[in-house]
Amino acid sequence: MPNRQHSISSLPEAEPAFYRLADVIRITALSRSTIYRRIAAGEFPPQVSLGGRATGWRREALQTWLNDPTGFRALATCEIRRGASGAHVRHVATAA
């Protein structure tokens with residue numbers, strides 16, 4: 001049996017930058033409660049705020065999880081620092 005990897009880019013419509021919960025459920029075939037349980041355990045990418053009460057999942061984070069669900073590691077820290085030029089630089093560390 002060939003190893004068939006899922007890909008978000010195989011969806012027929014243009015790729016959005018963020019996916020809402022209904023899309024994540026459809027793409028991953030996980031239930032709502034399983035998604036939130038895995039987020040709490042650090043086994044699934046957490047949603048990000050889109051403003052107000054709206055949340056979504058980054059396309060890249062979902063693709064990373066789809067490529068290797070068992071090897072996924074949630075971020076331990078993510079902080080924004082100022083670079084030498086004064087620009088914001090995101091510093092990310094993964095969980096051990």
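The values are calculated or read from the model by the stated rules, or taken from the named source; none is laboratory data. This is a predicted model, so every value here is computed, not measured. Note that each Cβ is placed from the backbone with ideal geometry, even for glycine, and that neighbours are counted across all protein chains shown.
Here are some conditions: (1) surrounded by fewer than 16 Cβ atoms within 10 Å (Cβ to Cβ); (2) out of contact with any Asp or Glu (no Cβ under 9 Å at 6 or more places or on another chain). Ala61 meets all but one. Which one does it not meet?
Among (1) surrounded by fewer than 16 Cβ atoms within 10 Å (Cβ to Cβ); (2) out of contact with any Asp or Glu (no Cβ under 9 Å at 6 or more places or on another chain), the lone unmet condition for Ala61 is (1).
Filter segment 64-77 for residues that are under 18 Å from Ala40 (Cβ atoms) and surrounded by fewer than 10 Cβ atoms within 10 Å (Cβ to Cβ); which is modelled with the lowest pLDDT?
Restricting to residues being under 18 Å from Ala40 (Cβ atoms) and surrounded by fewer than 10 Cβ atoms within 10 Å (Cβ to Cβ), the top hit is Thr77.
Filter segment 20-36 for residues that are assigned to a helix (DSSP H, G or I) and out of contact with any Ser or Thr (no Cβ under 9 Å at 6 or more places or on another chain); which is farthest from Gln63 (Cα to Cα)?
Of all residues in segment 20-36, those assigned to a helix (DSSP H, G or I) come to 21-28, 32-36.
Then keep just the ones that are out of contact with any Ser or Thr (no Cβ under 9 Å at 6 or more places or on another chain); that gives 22-24, 26-27, 32-33, 36.
On the way: Ala22: 16, Asp23: 13, Val24: 11, Arg26: 14, Ile27: 10, Arg32: 18, Ser33: 20, Tyr36: 17 Å.
The extreme case among them is Ser33.
Could you check how many residues of segment 5-54 are charged (D, E, K, R), modelled with pLDDT under 95 and over 17 Å from Gly71 (Cα atoms)?
Keep residues of segment 5-54 that are charged (D, E, K, R), which gives 13, 15, 20, 23, 26, 32, 37-38, 43, 53.
Filter once more, keeping what is modelled with pLDDT under 95: 13, 15, 37-38, 43, 53.
The next check asks that each one be over 17 Å from Gly71 (Cα atoms); those that pass are 13, 15, 53.
Residues meeting the conditions: 3.
So for segment 52-60 (the condition being aromatic (Phe, Trp, Tyr), touching a Lys or Arg at 6+ places or on another chain (Cβ under 9 Å) and under 16 Å from Ala17 (Cα atoms)), does at least one residue qualify? Quick ask: steps written out before the conclusion?
Initial filter on segment 52-60 (aromatic (Phe, Trp, Tyr)): 57.
Keeping just the survivors that are touching a Lys or Arg at 6+ places or on another chain (Cβ under 9 Å) gives 57.
Keeping just the survivors that are under 16 Å from Ala17 (Cα atoms) gives 57.
Yes, because at least one residue in segment 52-60 is aromatic (Phe, Trp, Tyr), touching a Lys or Arg at 6+ places or on another chain (Cβ under 9 Å) and under 16 Å from Ala17 (Cα atoms).
Of everything in segment 41-65, what is part of a loop (DSSP other than H, G, I, E, B), of a type outside the set (Gly, Ala, Ser) and out of contact with any helix residue (DSSP H, G or I) (no Cβ under 7 Å at 6 or more places or on another chain)? Give them in sequence order. Steps first, please.
Just the residues of segment 41-65 that are part of a loop (DSSP other than H, G, I, E, B), to begin with: 42-47, 52-53.
Add one more test, that the residue is of a type outside the set (Gly, Ala, Ser), and what stays is 43-47, 53.
Answer for segment 41-65, where residues must be part of a loop (DSSP other than H, G, I, E, B), of a type outside the set (Gly, Ala, Ser) and out of contact with any helix residue (DSSP H, G or I) (no Cβ under 7 Å at 6 or more places or on another chain): Glu43, Gln47, Arg53.
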